[in-house]
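Readers should treat all values here as calculations from the given coordinates under stated rules, not as data from a laboratory. Quick caveat, the model's predicted, so the values are computed rather than measured. Because the Cβ atoms are built from the backbone with ideal geometry, glycine has one as well, and the counts that use them run over all protein chains shown.
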Amino acid sequence: MPIVRVREHVNPLSKKYQVAIAPPDWQTIYADLTRPLHLDIGCGKGRFLLEMAQQQPNWNYLGLEIREPLVEQANDWRRELSLTNLHYLFCNANNSLRPLLSSLPQSVLHTVTIQFPDPWFKRRHQKRRVVQPELVTDLATFLVDGGTVFVQSDVEEVALEMRDRFDEHPAFVRQHADWLPNNPMPVQTERELLVLSFHDPVYRAIYTHERSQMRS
């Protein structure tokens with residue numbers, strides 16, 4: 001598989017990314033729209049979902065990525081493998097997530113992963129980070145009861161911010177008091193494998209979506 005080289009970071013607040021994408025015709029993308037959906041926000045090169053879709057053909061997989069060349073390449077790989085349970089979309093998740101999810105059948109979104117998002121270390125840039133309160137609210141609206149959100153980063157500050165924002169929302173219940181020691185997913189991302197090869201820590205948290213918590 002050839003490698004496409006693109007800019008490492010893209011500013012989601014720039015004018016180019018302020019228009020939400022129109023939802024695609026899902027019927028032409030997935031062979032069976034009733035399957036449970038796994039959404040990967042910030043899917044990068046898409047290799048994580050490419051492996052997941054092959055290992056678990058009874059699920060649908062959707063990757064969102066703001067770097068368009070990576071999305072084009074990932075969809076090329078998907079087509080080469082004739083996978084009908086996987087798709088990648090070029091978009092800014094912070095303004096496109098709600099229209100995308102509202103266009104899908106109800107009760108299909110079961111799992112969400114946000115893995116090693118761009119850290120944006122400078123304080124004035126932190127508003128560019130993907131896990132904003134509005135994104136958490138959108139996920140709370142569309143996730144099925146009992147659905148899960150898994151977040152991880154090798155930057156503790158970023159992981160803490162993601163964890164705090166899900167902790168603050170009444171619909172999400174963290175499943176452990178401390179950082180999750182192991183990745184519950186059957187596939188590891190390229191970034192995770194690289195970090196672990198240097199014996200550096202990865203900060204992980206997993207949440208269950210419980211609508212009853214919103215009413216209490």
Give the residue from ASN182, LEU196, LEU160 lying farthest towards the positive end of the charge dipole for the range 129-213; charges sit on Cβ (+1 for Lys and Arg, -1 for Asp and Glu) and the dipole is referred to the Cα centre. ASN182
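Any idea what diffusion coefficient the range 55-155 gets from Stokes-Einstein, in µm²/s, Kirkwood Rh on alpha carbon pairs, 4 °C, 1.567 mPa s?
Numbers: Rh = 15.1 Å.
This corresponds to a translational diffusion coefficient of 86 µm²/s.
About the Cα centre of the chain, how large is the charge dipole given +1 on each Lys and Arg Cβ and -1 on each Asp and Glu Cβ? Please answer in debye to the nearest 20.
Working: 24 positive and 26 negative charges, 124 e Å.
Once rounded to the nearest 20, the dipole reads 600 debye.
Which percentage, to the nearest 5, of the DSSP beta bridges contained in the chain is antiparallel? Walk me through the intermediate numbers first.
Numbers: 9 of 29 bridges.
Bridges in the chain are about 30 percent antiparallel.
Determine, for HIS199, HIS87, the number of other Cβ atoms within 10 Å of each Cβ, and report the residues in order from fewest to most.
Numbers: HIS199 6, HIS87 22.
Placing the least packed residue first, the sequence is HIS199, HIS87.
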Rounded to the nearest 20 debye, what is the charge dipole size of the range 127-204 about its Cα centre when +1 sits on each Lys and Arg Cβ and -1 on each Asp and Glu Cβ? 120
When CYS91, CYS43 are arranged by how many other beta-carbons sit within 10 Å of their Cβ, fewest first, they go CYS91, CYS43
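When every alpha-carbon pair in the chain is counted, what percent end up more than 22 Å apart?
Details: 11368 of 23220 pairs.
Of all Cα-Cα distances in the chain, 49 percent exceed 22 Å.
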